[in-house]
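Only one structure is covered here, and it is reproduced in the block below.
Bear in mind these aren't lab numbers, they're just calculated from the coordinates by the rules spelled out. Note that the structure is a prediction, hence the values are computed from the model and not measured. Heads up, the Cβs are rebuilt from the backbone with ideal geometry, glycines too, and the neighbour counts pull from every protein chain shown.
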Amino acid sequence: MPQPFEPVTAQGAFEVTPSDTAVFVRRPAALYIGGAGDVSVETQNRDVVTFVGVLAGSILPIQCRKVLATGTTATAIVGMCYGTVQEV
C-alpha cells in the first residue's frame, strides 16, 4: 500500500549575509531568495557556481558552504535547514 505523502519542512532557518570568506556554521540544505538577482555559492564539494536570474520567492535546493558576496545580487537570502541541523 502506498505511503501518504509527508511534506518536508525546514527545521531551522537563518539570515544569510553573503561573504567571500565566511563559511556557514550551520549548513543549509536550501536557500530561500527573497529579492530577485544572481546567487553565487560555494557548494559542499567546494564548487563555485552562480545561479543567474533567480526570481524573488524561489527556493534553491542546494547545500552550500558559503553564499559569496562576489557575484551575488539577490537580497533577503535565508538558509533553510532540514532534519537535524548540521553543525560544522
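Under 5 Å from the amide H of VAL49 lie the amide H atoms of VAL41, THR43, each residue being 5 or more positions distant or on a separate chain, with H modelled from the backbone and absent for Pro and chain starts. Computed over Cα pairs, the Kirkwood radius of the chain leads via Stokes-Einstein (0.890 mPa s, 25 °C) to a diffusion coefficient of 185 µm² per second. Here the gap between ALA13 and VAL78, fully extended at 0.36 nm per residue and compared with their Cα-Cα distance, gives a gain of 22.7 nm. When peptides 53-60, 35-42 are ranked by their average number of other Cβ atoms within 10 Å per residue, the highest-first order is 35-42, 53-60. Charge tally around ALA69: other residues with Cβ under 15 Å, Lys/Arg +1 each, Asp/Glu -1 each, net -2.
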